[in-house]
Amino acid sequence: MKEERIAIQVDDLTVAYNYKPVLWDIDLKIPEGVMMAIVGPNGAGKSTLIKAMLDIVKPIAGNVQVFGKPYHKQRKLVAYVPQKGSVDWDFPTTAIDVVLMGTYGTLGWIKRPGLKEKKAALEALEKVDMLSFKDRQISQLSGGQQQRVFLARALVQNASIYIMDEPFQGVDATTEIAIVNILKELRKDGKTLVVVHHDLQTVPEYFDWVTFLNVEKIATGPIKDIFNDDNLTKTYGINYKVAIR
Ligand code: ADP
């Protein structure tokens, strides 16, 4: 049997803002090739957890390893799609330029993207159905279109792990399905996906793995084993049927 590799391992992770812990002693092993949702109520620490994985916030205790090494040694293997609200969309840049930024990590300093990178960027825009908008300023795209462009930027990175913060926020149903299909394709290629997601109803349909979080880790594992009333109630503090609206 093929040995299971751990894509991301979190050990004893505690993160605090202004001395107030928002993540408490988290242990997590995310196997390679899973498509994992992180779920939990507002303020549960979901964004903070992925920011700790990406070295954006510094923990007060514990650590994160990416394929057995610290993130800074593995950053080329990790693509990140930030939460839409955290991006300055007025920044004067076109869709294609945003996607080209995804190639910088493999280029090194000074070198500018060349034909190869341009081709990859155009292919990625085509994949997310945004090719005809390539020269459009990002501020002049709809929320769903901006999200597709950011997904294209992650795709050109050709990473092993994709970390996304609420990629379906503010997108229409067509865009949501388009994004899910691309994510499922990535999983088919053996990539690992870690996605903050807040629509509980779609969790079992989109994902095969889930982490329940509410400052502490409530549970983590395959959907079929742990996506149940008990864990939902422990995480949300209310009855599952209420939580899922
Ligand atoms: P979630 O993504 O689950 O909604 P977050 O990780 O964004 O939760 O936030 C967890 C907690 O940390 C919240 O109480 C939030 O107000 C707080 N928080 C997040 N970012 C900061 C920050 N930069 N400074 C201070 N507090 C923060």
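The values are calculated or read from the model by the stated rules, or taken from the named source; none is laboratory data. Bear in mind the structure is a predicted one, so any value in this text is a computation, not a measurement. Reconstructed Cβ throughout: ideal geometry from the backbone, glycine too, with neighbour counts over all protein chains shown. When the accessible area is computed, the model is the full protein with side chains, heavy atoms only, and any ligands, DNA or RNA have been set aside. Shrake-Rupley method; radii C 1.70, N 1.55, O 1.52, S 1.80 Å.
Restricted to the range 28-58, and to residues that are hydrophobic (A, V, I, L, M, F, W, C) and in a strand (DSSP E or B), which residue is farthest from Lys73 (Cα to Cα)?
Val39
Restricting the range 1-55 to residues that are in contact with a helix residue (DSSP H, G or I) (Cβ under 6 Å, 6 or more places away or on another chain) and open to solvent by 10 Å² or more (accessible area, probe 1.4 Å), which is nearest to Arg187 (Cα to Cα)?
Among those residues, the one meeting the criterion is Asp55.
Is it fair to say Leu131 is over 18 Å from Gln83 (Cα atoms) and crowded, with 17+ Cβ neighbours inside 10 Å?
No, not satisfied.
Search the range 16-27 for residues being near the ligand (Cβ under 7 Å from one of its atoms) and not in a loop (DSSP other than H, G, I, E, B), and hand back the single one that is modelled with the highest pLDDT.
Val22
So Lys69 clears everything in (1) surrounded by 15 or more Cβ atoms within 10 Å (Cβ to Cβ); (2) farther than 30 Å from Leu131 by Cα; (3) modelled with pLDDT of 95 or more except one condition, right? Which one?
(1)
Going by the conditions given, is Ala7 modelled with pLDDT of 95 or more, in contact with a His (Cβ under 8 Å, 6 or more places away or on another chain), of a type outside the set (S, T, N, Q) and more than 11 Å from the ligand (Cβ to nearest atom)?
no
If I ask for residues that are more than 12 Å from the chain's Cα centre (by Cα), closer than 21 Å to Glu123 by Cβ and among the hydrophobic types (A, V, I, L, M, F, W, C), which ones from the range 181-201 would you list?
Across the range 181-201, the qualifying residues are Ile182, Leu186.
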